[in-house]
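The values are calculated or read from the model by the stated rules, or taken from the named source; none is laboratory data. Please read all numbers here as calculations on a predicted model, not as lab measurements. Here the Cβ positions follow ideal geometry from the backbone for every residue, glycine too, while neighbour counts run over all protein chains shown.
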Amino acid sequence: MVKLYETGAYLLNGTEIVTDEEEVKAKTGQDVTPEEAAKQTMAYGILSAHNTSDNMERLQIKFDKLTSHDITFVGIIQTARASGLEKFPIPYVLTNCHNSLCAVGGTINEDDHMFGLTCAKKYGGVYVPPHQAVIHQFAREMLAGGGKMILGSDSHTRYGALGTMAMGEGGPELVKQLLNKTYDIKMPGVVGIYLDGEPMKGVGPQDVALAIIGATFANGYVNNKVMEFVGPGVSKLSADFRIGIDVMTTETTCLSSIWTTDEKIKEFYEIHGRTEDYKELNPGAVTYYDGMVYVNLSEIKPMIAMPFHPSNVYTIDEVNANLEDVLHDVEKKALVSLDGAVDYSLQNKIRNGKLYVDQGLIAGCAGGGFENICAAADIIKGHYIGSDEFTFSVYPASTPIYMELVKNGAVADLMAAGTIVKTAFCGPCFGAGDTPANNAFSIRHSTRNFPNREGSKLQSGQIASVALMDARSIAATAANKGYLTPATAMDVEYTGKKYHFDSNIYANRVFDSHGVADPSVEIQFGPNIKDWPAMSPLPENLILKVVSEIHDPVTTTDELIPSGETSSYRSNPLGLAEFALSRKDPAYVGRAKEVQAAQKAIEAGECPLSALEELKPVMEKIKEAYPDAGEGNIGVGSTIFAVKPGDGSAREQAASCQKVLGGWANIANEYATKRYRSNLINWGMLPFITEENHEALSFKNGDYIFVPDVRKAVEEKAAEIKAYVVGDSLKEITLTLGDMTDNEREIILKGCLINYYRG
């Protein structure tokens, strides 16, 4: 089904995989090195065209367009304004698909929308009102273009199937683009994803995506690399099918994606009235990839990613055949993620030997596409979901899609079966819509199923479970009144309805400045929109208190800062920070604030010991070895340890919330994604790495760590940084910072990106 090559591989003429250089020479008559052939990837060509440096090993990228949604754009624009923003230098689209619902008892979220609209007018952007489209569907319909690059402040910014290399990053990386700066990265590796065969009837894009995620996530095969989709199987997939696979590549932890393009992608652009944006893309005749993933589409069956990660994959047939064993395995894995906070069991979901599901959802950038919903309507037509616990909701990804589904009768077929059809909204993906009941089991064609993400509150004893599936099998389950069913078990004639895009829907509702700024417009602020607090530069010496210690194999950004009900505070840095680690370590905020009081005393010219009495013996021990420490040359802050933090969302708040609570660093064995590490750096936090085994650390929660001459170490690009755990003695430990650009080091030294641009 999915095979990973152990070495790099050549692709000849886009069809033949060869691993031996001599065989390449024999077949082509060319003596080509891997380095030369790597320049024939589509990714290399696009990156080269957007690189502003003269060094393809150290890229300085300028993007063609930017896009954000209403959980991120307020903070981004506020940061850019504080850094000297005058106008948007490139098209910047502000969509409203996360904070779409008015906060209960107030208009906090609508205030954010009005902030976005007035900023689009003032700085020359595009504003998409709530319920019109989810961020990525609007980008597919209106922004993508062959050979272009788009940067979005959402991790699922993936438009590779349309020939656009897109990346999801934290907000500060968009700020840099808004200030005419660059996105600085090493040349990423490129891994070929070779598609062969053709999907069987009833298999959808989520099934293919989950199979790839299951094969590549845990081993990091494509981590921070570009996934390049090639092979004869690509032509067997529709544009919508490719898009559905592509958007889920984020869950492999890759950096970006790009696909070969053909007549089907050209037709997509024609349907949307943008034929000029199509570009044919193919790898060169002899192309080298750093790795190769072979995917036989014909062998893929309906898949399910069981709680609590998209990589926890099985075929649906496997689950149904080994129900008790699979559920028991899920429960064992949950012990790690849930820390025993709740009694967790799925055994009560077995009814008459079958798995009963409480909720089905097709939504957002992954599930809400036209073909997915048409197929779901074909499957459920003539059936009824029943009147028990099971509910079924469908969210088309844009109003143009919704309109066409109304016209072609799909909405009527869905609703007749008991389905609720709603407007474009990302809420179900992160816990702000269709939140399940306690102990409920939900199947969703959406992007993630992390613990807590669907709205659970472990600190209140509440837990629900989400499994990811394709829209087709979700509809089959709905037709079977909530009993888990693969779409391949249904006898269905798929109608294959054709899509017609109505551009008037956007023309009549979306504000488009066409790049013309109007400085006379006054930005509309709501009472919950706050400026970033002042942040100090990195001190000469640093005292860190470990205030949280997380030993999970991977820590998601949702565990660092919860999604869902906290979204109303996304525009209020201090208000949102109150929720940091609330579902993972509820005591974190209080501990961090206690330490922050000492730093605030320093900034006020007062003695830090008066604000934090426990610091006195720590300082005394430090001064025995470093007598000059503390004389106006020291800072005090908090840090957390996590084995591998940062999987998941690009939301910068996972880092900024730690920063505004006085965080100076993270310590980790490794960082799950580039975007989380970048967020730390952009908020002036040291992304420390320790090689110590997490089960035998030389420090623990509550310990103080002294980092002498830390500023000098950053300035001089020290390979290793000596630090000391402060106890009865100073116990030396070694930390590293990994690879950093000169600009990133300067940002750390200045204390944050805002300070860096203020000068």
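Structure values in brief
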read-out: Residue within the stretch 395-411 that is part of a helix (DSSP H, G or I), among the polar types (S, T, N, Q) and either over 17 Å from residue 377 (Cα atoms) or modelled with pLDDT of 90 or more (or both) present; value: yes
read-out: Residue in the stretch 335-350 that is touching a Pro at 6+ places or on another chain (Cβ under 7 Å), closer than 14 Å to residue 465 by Cβ and assigned to a helix (DSSP H, G or I) present; value: yes
read-out: The stretch 436-470 - residue that is assigned to a loop (DSSP other than H, G, I, E, B) and of a type in the set (D, E, K, R) and, of those, modelled with the lowest pLDDT; value: 457
read-out: Selection status of residue 712, in a loop (DSSP other than H, G, I, E, B) and surrounded by fewer than 23 Cβ atoms within 10 Å (Cβ to Cβ); value: no
read-out: Residue tally, condition outside any loop (DSSP other than H, G, I, E, B) and among the small types (Gly, Ala, Ser), over the stretch 110-151; value: 4
read-out: Residue in the stretch 372-380 that is assigned by TED's automatic domain parsing to the domain that holds residue 430 and surrounded by fewer than 22 Cβ atoms within 10 Å (Cβ to Cβ) present; value: yes
read-out: Helices (runs of 4 or more DSSP H) contained entirely in the stretch 500-584, each with at least 1 residues that are surrounded by 14 or more Cβ atoms within 10 Å (Cβ to Cβ) and among the β-branched types (Val, Ile, Thr); value: 504-509, 557-560
read-out: Considering residues of the stretch 413-435 that are in a loop (DSSP other than H, G, I, E, B) and in contact with a strand residue (DSSP E or B) (Cβ under 7 Å, 6 or more places away or on another chain) only, the residue surrounded by the most Cβ atoms within 10 Å (Cβ to Cβ); value: 424
read-out: Qualifying positions in the stretch 619-637 - out of contact with any helix residue (DSSP H, G or I) (no Cβ under 6 Å at 6 or more places or on another chain) and hydrophobic (A, V, I, L, M, F, W, C); value: 619, 622, 625, 634
read-out: Any hit, the stretch 720-728, residues being aromatic (Phe, Trp, Tyr) and out of contact with any Phe, Trp or Tyr (no Cβ under 8 Å at 6 or more places or on another chain); value: no
read-out: Unique residue being surrounded by fewer than 24 Cβ atoms within 10 Å (Cβ to Cβ) and β-branched (Val, Ile, Thr) when the list is 216, 182, 157, 164; value: 182
read-out: Candidate set from the stretch 47-72 (those that are under 24 Å from the mean Cα position of the chain (by Cα), of a type in the set (A, V, I, L, M, F, W, C) and in a loop (DSSP other than H, G, I, E, B)); member that is surrounded by the fewest Cβ atoms within 10 Å (Cβ to Cβ); value: 63
read-out: Which numbered condition residue 61 misses (of (1) touching a strand residue (DSSP E or B) at 6+ places or on another chain (Cβ under 6 Å); (2) under 27 Å from residue 219 (Cα atoms); (3) of a type outside the set (D, E, K, R)); value: (2)
read-out: Complete set of residues in the stretch 670-727 that are under 16 Å from residue 634 (Cβ atoms) and among the acidic types (Asp, Glu); value: 709
read-out: Residue in the stretch 73-87 that is part of a loop (DSSP other than H, G, I, E, B) and modelled with pLDDT of 95 or more present; value: yes
read-out: Residue in the stretch 262-282 that is assigned by TED's automatic domain parsing to the domain that holds residue 33, closer than 26 Å to residue 375 by Cβ and of a type in the set (S, T, N, Q) present; value: no
read-out: The stretch 273-283, residues that are crowded, with 17+ Cβ neighbours inside 10 Å and under 11 Å from residue 230 (Cβ atoms); value: 281, 283
